[in-house]
Amino acid sequence: MSTVILSQDELSRYNSLIPSLKKRIAEAGIERGQPLTYRVKTYGCQLNESDSEKIEGILQSIGLIEASEDQSPDFLIFNTCTIRENADIRLFGNLGAYKAQKRQNRDMFIAVCGCMMKQQENIERIKKSFPYVDACFGPADIHMLPSILDKKLNQRKRVFAVSDEDYLVDDVDVPVLHKRKFRALVPIMYGCNNFCTYCVVPYTRGRERSRSSAQILSQLRELAASGYKEVMLLGQNVNSYGNDKEDEISFAELLEEAAKIPGFSRIRFMTSHPKDISEEVIYTMKKYKNIERHLHLPMQSGSSAVLKRMNRHYDQEQYLKTALLFRKELPDATLTTDIIVGFPGETEEDFLATLDVVEKCRFDSAFTFQYSRRPGTKAADYPDQIPQDIVTERFGRLLELQNALTFSSNESCVGNTEEILIEGKSATAPDVLTGRTNSNRLVNFRIPSGIQLNGKEIDSTASDFDADQFEGMLAMVSITRAKPYSVEGELVRFIDE
Ligand code: SAH
Ligand code: SF4
Ligand code: F3S
């Protein structure tokens, strides 16, 4: 694998196929008397979500429209994840369900992309057992989608286009469809160099390659100008941003430049690696109020011995130092983490060290995972894999502790009135809205009677009330009640009308 910076010429060659594809799709739509549709099913992390936004951008640029939930799409793309074993299992189950649909619509196009495609055995399985899959491509090959579609539509052959190169594409020139009206996902770097011994990402996403800060900042300025309130800077290890380039600014500097752009009320970033985060990042967060009051700092384990075998390059003491500095400098902010239970060789003592650090950091929430043995990674061959019953038992204990901490964190903000960025309808009820505080806390809230917007009173009990119309707006919400994983509240007033 090697990093290949894609030239503008080459990208233009792919993009030049778009007009003829568009013509073909339009003609097929006319013939059928109904426009052709697509659906992208996305698994995994925000980087995959961001990739799917590019895939959708390309699909829409050739004239496809998103299929409604009850429609069988003409173009179906699975963007896969393989971080843990259950991610893999889900894909093959889901694919099977589309066999019958493909039989009914022989022109249906099914493609699989994403991290699973970087594992040869998955490609082999698709070649052999899923003949109705038309194309496979890798996470670094999305810009080639016009050419993949062109080959399939013109030559009617299956296309397997997973390349070995780690492409770096100037994102500005790939069409992107931002799925949320208020949030723009902006990758600042691709790949990962860390080779944590449990993790597949360095194998599926290749080596670290940073986009140029000039390009990122100009994209951010455009996004702010077009009304996005929230931006999410993405990378597997944002704190090593720029290390692969000469004369590039640091992540803390990039964050500061982003914060200075007028327009964004929330700048978020994911993910920070404890070995690379600088104190400067914490001080920059403190200095700019439009940087989210939240740090996601995956700990993985609280035991220095386990961290060493995980190849994380920090120990318990260093982790605590960063976490506690963050707590001291930004006392109102939230601190969240990822934890793996049952890593090979984890003793009861190691696990107790994890519980101890969890207690000391008082994480506001945590993603907890049972260790999953991933073929090809170093830890898969470690001796002392932990029996499932012990993993389950430890996992239960961790969950119990973390649930108590999450609840107490939620309780601590009851009585506050906080600025909420509204995301739309909640999962609870049609008249309940959902949004997040600036510390990334999930808030479900109602609009009481008497609240006006643009001089008109809002009636959330009306049958035609549509909570989604408020997506992307900012409001002050009074927090009234803590729930295990969220809080409840009541809207006080809208901030921007
Ligand atoms: N780049 C991020 C993590 C990305 S993967 C970081 O280094 O922090 C997201 C999370 O999945 C990881 O933080 C880890 O907790 C979990 N994870 C990754 N591989 C795993 C495995 N093999 N088994 C269980 N959890 C895993
Ligand atoms: Fe995986 Fe480690 Fe890279 Fe995160 S830093 S993506 S856990 S290898
Ligand atoms: Fe999954 Fe790939 Fe993300 S393995 S977690 S989709 S980088």
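The values are calculated or read from the model by the stated rules, or taken from the named source; none is laboratory data. Note that the structure is a prediction, hence the values are computed from the model and not measured. Cβ atoms come from the backbone with ideal geometry, glycine included; neighbour counts cover every protein chain shown. For the accessible areas, the whole protein counts, side chains as well, though only heavy atoms, and no ligand, DNA or RNA atoms are used. Shrake-Rupley method; radii C 1.70, N 1.55, O 1.52, S 1.80 Å.
Checking the conditions here, which among 13, 125 is of a type outside the set (S, T, N, Q), open to solvent by 60 Å² or more (accessible area, probe 1.4 Å) and farther than 29 Å from residue 234 by Cα? Even if it seems obvious, please write down each step before you answer.
Numbers: 13 fails: farther than 29 Å from residue 234 by Cα.
On inspection, the qualifying residue turns out to be 125.
Would you point out the residue of the range 363-372, among those that are surrounded by 15 or more Cβ atoms within 10 Å (Cβ to Cβ) and not polar (S, T, N, Q), that is farthest from residue 303 (Cα to Cα)? Steps first, please.
First pass over the range 363-372, keeping only residues surrounded by 15 or more Cβ atoms within 10 Å (Cβ to Cβ): 363-366, 368-372.
Filter again for not polar (S, T, N, Q), leaving 363-364, 366, 369, 371.
Details: 363: 17, 364: 20, 366: 17, 369: 16, 371: 15 Å.
Step by step, filter the range 363-372, then rank; the result is 364.
Determine the pairs where a residue that is within 16 Å of residue 330 (Cα to Cα), located within the range 351-373, has a partner that is assigned to a loop (DSSP other than H, G, I, E, B) with Cβ atoms under 8 Å apart, the partner being 6 or more residues away or on another chain.
Final answer for the pair search is 361/299; 364/439; 364/441.
When residue 216 is evaluated against the numbered criteria (1) in a helix (DSSP H, G or I); (2) open to solvent by less than 10 Å² (accessible area, probe 1.4 Å); (3) within 14 Å of ligand 1 (Cβ to nearest atom), which criterion, by number, is the only one it fails?
For residue 216, the exception is condition (3).
If the requirement is being open to solvent by less than 50 Å² (accessible area, probe 1.4 Å) and without any contact (Cβ under 8 Å) to a residue 12 or more places away in the chain, which of these qualifies: 429, 379, 404? Full working, then the answer.
Working: 379 fails: without any contact (Cβ under 8 Å) to a residue 12 or more places away in the chain; 404 fails: open to solvent by less than 50 Å² (accessible area, probe 1.4 Å).
Only one candidate qualifies: 429.
Considering each of 135, 111, 100 in turn, give the residue that is open to solvent by less than 70 Å² (accessible area, probe 1.4 Å), touching an Asp or Glu at 6+ places or on another chain (Cβ under 9 Å) and more than 16 Å from ligand 2 (Cβ to nearest atom). Don't jump to the end; show me each part of the working.
Working: 135 fails: touching an Asp or Glu at 6+ places or on another chain (Cβ under 9 Å); 100 fails: touching an Asp or Glu at 6+ places or on another chain (Cβ under 9 Å).
From the options 135, 111, 100, the qualifying one is 111.
Looking only at the range 80-112, which residues are more than 16 Å from ligand 1 (Cβ to nearest atom) and of a type in the set (S, T, N, Q)? Before you say what the answer is, go through the steps one by one.
Our first condition is that a residue be more than 16 Å from ligand 1 (Cβ to nearest atom); within the range 80-112, this holds for 91-112.
Across the range 80-112, the qualifying residues are 94, 101, 104, 105.
Out of curiosity, is residue 333 within 24 Å of the chain's Cα centre (by Cα) and open to solvent by less than 30 Å² (accessible area, probe 1.4 Å)?
On the way: within 24 Å of the chain's Cα centre (by Cα): yes; open to solvent by less than 30 Å² (accessible area, probe 1.4 Å): yes.
The answer is yes for residue 333.
Would you confirm whether or not the range 190-207 contains a residue that is open to solvent by 10 Å² or more (accessible area, probe 1.4 Å), more than 17 Å from residue 275 (Cα to Cα), within 14 Å of ligand 3 (Cβ to nearest atom) and in contact with an Asp or Glu (Cβ under 6 Å, 6 or more places away or on another chain)?
Scanning the range 190-207, I find at least one residue that is open to solvent by 10 Å² or more (accessible area, probe 1.4 Å), more than 17 Å from residue 275 (Cα to Cα), within 14 Å of ligand 3 (Cβ to nearest atom) and in contact with an Asp or Glu (Cβ under 6 Å, 6 or more places away or on another chain), so the answer is yes.
Give just the number: which of (1) assigned to a loop (DSSP other than H, G, I, E, B); (2) open to solvent by less than 50 Å² (accessible area, probe 1.4 Å) does residue 58 not satisfy?
So the condition that residue 58 fails would be (1).
Give me the pairs, please: first residue somewhere in the range 209-224 and in contact (Cβ under 8 Å) with a residue 60 or more places away in the chain and under 19 Å from residue 167 (Cβ atoms), second residue anywhere and in a loop (DSSP other than H, G, I, E, B) and not small (Gly, Ala, Ser), beta-carbon distance under 8 Å, and either six or more positions apart or on two chains.
That search, which allows pairs on different chains as well, returns 209/244.
Looking at the range 453-497 only, could you name the residues that are in contact with a Leu (Cβ under 6 Å, 6 or more places away or on another chain), farther than 11 Å from residue 418 by Cα and among the small types (Gly, Ala, Ser)?
Within the range 453-497, 467, 486 meet the criteria.
How many residues does the range 107-120 hold that are more than 14 Å from residue 76 (Cβ to Cβ) and out of contact with any helix residue (DSSP H, G or I) (no Cβ under 7 Å at 6 or more places or on another chain)?
Number satisfying all stated conditions: 2.
Among (1) open to solvent by 60 Å² or more (accessible area, probe 1.4 Å); (2) touching an Asp or Glu at 6+ places or on another chain (Cβ under 7 Å), which single condition is residue 384 missing?
It is condition (2) that residue 384 fails.
For the range 142-161, what are the residues that are surrounded by 20 or more Cβ atoms within 10 Å (Cβ to Cβ) and either without any contact (Cβ under 8 Å) to a residue 60 or more places away in the chain or β-branched (Val, Ile, Thr) (or both)?
Result: 142, 148.
Would you call residue 256 in a helix (DSSP H, G or I), touching a residue at least 12 places away in the same chain (Cβ under 8 Å) and either more than 28 Å from residue 199 (Cα to Cα) or more than 16 Å from ligand 1 (Cβ to nearest atom) (or both)? Outline the logic, then answer.
On the way: in a helix (DSSP H, G or I): yes; touching a residue at least 12 places away in the same chain (Cβ under 8 Å): yes; either more than 28 Å from residue 199 (Cα to Cα) or more than 16 Å from ligand 1 (Cβ to nearest atom) (or both): yes.
In short, yes.
Contact list please: Cβ distance under 8 Å, first residue in the range 84-95 and touching a residue at least 12 places away in the same chain (Cβ under 8 Å), second residue within 16 Å of ligand 2 (Cβ to nearest atom) and assigned to a helix (DSSP H, G or I), pairs at least six apart or on different chains.
87/116; 88/116; 91/116
Report, ordered by the first and then the second residue, all pairs with beta carbons closer than 7 Å, sequence separation of six or more or different chains, a first member in the range 186-199 that is farther than 30 Å from residue 228 by Cα and within 11 Å of ligand 1 (Cβ to nearest atom), and a second member that is among the hydrophobic types (A, V, I, L, M, F, W, C) and part of a strand (DSSP E or B).
That search, which allows pairs on different chains as well, returns 198/340.
In the range 292-390, which strands (runs of 3 or more DSSP E) lie fully inside it and hold 2 or more residues that are in contact with a strand residue (DSSP E or B) (Cβ under 8 Å, 6 or more places away or on another chain) and aliphatic (A, V, I, L, M)? Working first, answer last.
Values: elements: 294-296, 334-341, 365-370.
Those strands (runs of 3 or more DSSP E) span 334-341.
Filter the range 336-362 down to the residues that are among the hydrophobic types (A, V, I, L, M, F, W, C) and open to solvent by 10 Å² or more (accessible area, probe 1.4 Å) and list them by number.
Let us first name the residues in the range 336-362 that are among the hydrophobic types (A, V, I, L, M, F, W, C), namely 339-341, 343, 351-353, 355, 357-358, 361.
Residues satisfying the conditions are 340, 352, 353, 355.
Here are 83, 77, 89: which of them is within 15 Å of ligand 3 (Cβ to nearest atom), out of contact with any Ser or Thr (no Cβ under 6 Å at 6 or more places or on another chain) and assigned to a loop (DSSP other than H, G, I, E, B)? Even if it seems obvious, please write down each step before you answer.
Numbers: 77 fails: assigned to a loop (DSSP other than H, G, I, E, B); 89 fails: assigned to a loop (DSSP other than H, G, I, E, B).
None of the other options fit; the residue is 83.
Show the residue pairs meeting these rules: Cβ distance below 9 Å; 6+ apart or different chains; first residue within the range 263-286 and more than 23 Å from residue 223 (Cα to Cα) and away from ligand 1 (no atom under 15 Å from the Cβ); second residue of a type in the set (Val, Ile, Thr) and not in a helix (DSSP H, G or I).
Hits for this filter: zero, empty list.
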